[in-house]
Amino acid sequence: MSMARKHRDHFNLLCDIGDLVDLVTGSQDIASFLQRTVDLVSRHLEADVCSIYLFDEDSGYLVLQATVGLNPKAVGRIRMKPGEGLVGATFEHQRPLREASASCNPMFKYFEEADEDRFESFLSVPIQRGAQKIGVLVVQQERGDYFNEMDAMALRASASQLAGAVENARLLMDLFEATGKTPALPPEALQFIKGKTASGGNAFAPITQFKKSHGALLSGSSQLCKLYTVDDFHEALKQTSDELMDFQTRLSERLPESASLIFTAHFMILKDVKFINKIVDHIENGVSPPDAVRLVARHYINLFSASSHAYIREKANDMEDLAGRILKNLYKHDGEEGLDGDRIVIARELYPSEILKLATEEVKGIILVKGGVTSHVSILARSLKIPLVIADRPELPDLPEGTPVLLDGRIGNIYINPGEEVIEQFKTRNRVRKTAKGAARPLRPISRTRDGVRVRLLANVNLLSELKSVRELNAEGVGLYRTEFPFLVRPTFPSEEEQYFIYKRLFDEMEGREVTIRTLDVGGDKVLAYANAAGGMNPDLGLRSIRFSMHYRNLFEQQLRAILRAAAEAEKVRIMFPLISSLDEFREAKQMVLDCIAELKAEDLEHHPGPAIGMMVEVPAVVEIIESFTREADFLSIGTNDFVQYSLAVDRNNEKVAAYYRPDHPSVLRALARIVQAPVKAGKDISVCGEMAHETEFIPFLLGIGVPTLSVDPQFLPAIQEQILNLDMADARHHAERLLAEDTLKGVRELMAERVQPAPPVDRAVQGKRVNASNRAR
């Protein structure tokens, strides 16, 4: 086979494996899913044999679960301990193993029932999900020395992409084998609320309580007039599968980062014959279909919830969600109204992954009873353009289902059972806003103050879908790409190849513009349910951000390699580490980038040879040694959200202490001025990318202390540029000096209040003359 053809086949393999929607939903059951997987891999690698071995935690053995090429009767019969044979060695050491002549290796173990004595070439890779060992993927070929390093890389990438779905398949098989019989059947006063706006936009729709409908459906028993049949149950299954397929397709279009199935576990359960048969058996024994679904669902929810493994406990939510969907589709047959997307959701709290599921159902808006406006749930809602208001009102979850609510995310107002006059005002304002939006213009190519001082305007990007807005607005580049969202939207760690395709699209769409990519920043309010990294008593002070990456070095290395490979043809590439607290930590992380560059060069893989390497300034510990950081980092960026919270010992997501979260605190302002001074003096770039960068009251101060670059969410860029064009830098410096001289919060607020009156609109012709004069003076 020619090298060019191998490259093409490997790329096709990655694309086909990446399309897990078809691979999972097109399978009749779990066994057929595993069989389709080995068929696909063997076909693309032109291997005579492809097999999947899964680890059975109860017996402690690796078991052959699917194969093409070996004797099919060997499935379920070939078993080996970790460390036993070539497959066991791959599993135990979690490293690929490639042999030109497998039978010559002293670790080779022959199984007569497999009929594998004629296959000489052997290649195996571990299947793992984060730290969780799942099994081994193996290919074999009659010809000796058939597989090369390129094959090994393709197989590793395939195993990584398949890990989530295969892990769910293994988990379900283990549970069904281990379990025996299923146990026997055992405010009117609210009208207007002022909340905090977390994501703009507005909505008018009936409300639904998050997860309440599922909980109600799964509790109690059926008291319905209609007698449901087993055919109704099967039709509900089909509707549920079609519904999930539609959700996943729409989500993939809206969020390219979610190429892996969000609903992998749901599809695995729907395709499992044993799960379905348990429900059918109950129905045939006289139990109504809704109660049969409840019985089996409760049984497995209890099993999942009792597990000592966090990733298994997480499956209880999947089972609850799936069972609720099946029941709702059953009840729709009776003409009852089911939950659709035309709703405003009320929730006590949400994880980012739950926001994504709500996005697939196209909810109109969200009201959170707890949380903070700077949380990543809020950031994600803004990226998805879902209106979100946070209101500390414990009565909200008690509102009856279907109550009409008007949600104004722009100013944080919530109207319950609004009158006709309020509704009409709402509609009129929407019409005006749409007209104004249609007249919006791109940014000027260069932003300068009234007296000609250059200010760079960059965009914060959370999702690839936002890049179109960044280009249309003509932003100068991406000042912060948050890489955690591809991790948050998936059911398992994305592989190096999956990350590569995401980052490649980022760099391709921003061709010719500067892109700053921040390494993984999880922990705190950004929880990875599958990571098995406990949050601790105070997750914001725990294993998060760069600490998480340095603790899981293999994951960090995969991310760095993906970034470097994706940026191979990019011009202006910057890599930034979050939450750096010491010079030693920065040097260690920087060395990992350099090591990855050396590895990629040795492997002859295209990559960026020398990106700029910088850091986020978020921890007060860096202030006193900022000059040292400035000497070693290529650039710095201030994350004001965390910097304020750590400086003032305030949890920014705790509404009980929200009043103490004060970016205008004199100590915070003086620390920011101290930080900015060092890189400005050294001629290095320093930017602000936190919430303060788009808050108009802080713009004069930030520019006044010398910040040359602001990075904000795309929707804020036009207003920020307009403010800069009308700002005089000499006046901004004077304003900053006055603020820095103040010792009290009261004094700072009074000075800032003096600037609430906007400056008169700038005369463009006059500004052009000033800019030219300023340039001549330089």
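The values are calculated or read from the model by the stated rules, or taken from the named source; none is laboratory data. Just so it is clear, the model here is predicted, and its values are computed rather than measured. A quick note on method: Cβ atoms are made from the backbone with ideal geometry, for glycine too, and the neighbour counts reach across all protein chains shown. The area values use the complete protein model at the heavy-atom level, side chains included, leaving out ligands, DNA and RNA. Shrake-Rupley method; radii C 1.70, N 1.55, O 1.52, S 1.80 Å.
Rolled with a 1.4 Å probe across the full set of protein chains, the surface gives ASP651 an accessible area near 60 Å².
Taking label points 7 Å from Cα along the Cα-to-Cβ direction, ASP451 and ASP58 give a separation of 7.8 nm.
Solvent exposure of TYR660, expressed as accessible area, is near 150 Å², computed with a probe of 1.4 Å over the protein chains only. Summarising the label geometry, the points placed 7 Å from Cα in the beta-carbon direction at ASN538 and ASP115 lie 6.5 nm from one another. Quick one: of LYS385/LYS427; LYS133/LYS601; LYS81/LYS274, which pairs are farther than 21 Å apart, Cα to Cα? As for pairs spanning more than 21 Å Cα to Cα, those are LYS133/LYS601; LYS81/LYS274.
The magnitude of the dipole of the stretch 565-684, with charges of +1 and -1 set on the Cβ of Lys/Arg and Asp/Glu and taken from the Cα centre, is near 620 debye. Once the chain from ALA682 to SER628 is taken as fully extended at 0.36 nm per residue, the excess over their C-alpha distance is 18.3 nm. Computed 3J(HN,Hα) for the stretch 717-722, one whole-Hz value per residue from the Karplus formula 6.51 cos²θ - 1.76 cosθ + 1.60 where θ = phi - 60°, is 4, x, 5, 5, 5, 4, glycine and proline marked x.
Residues LEU356, LEU303, ordered by accessible area of protein heavy atoms at a 1.4 angstrom probe radius and largest first, appear as LEU303, LEU356. Each Lys or Arg adds one and each Asp or Glu takes one away; over the other residues whose Cβ falls under 10 Å from the Cβ of PRO700, this sums to -1. Computed with a 1.4 Å probe over protein heavy atoms only, the accessible area of ARG733 comes to about 110 Å². For ASP664, no residue has an amide H sitting under 5 Å from its own, ignoring neighbours fewer than 5 places away on the same chain, with H placed 1.01 Å from N. Net charge in the neighbourhood of MET729 (other residues with Cβ under 9 Å of its Cβ; Lys, Arg +1, Asp, Glu -1) is -1. A simple spin-label model places the labels of GLU588 and LEU303 4.2 nm from each other, with each point 7 Å out along Cα-to-Cβ. Charge tally around LYS601: other residues with Cβ under 14 Å, Lys/Arg +1 each, Asp/Glu -1 each, net -3.
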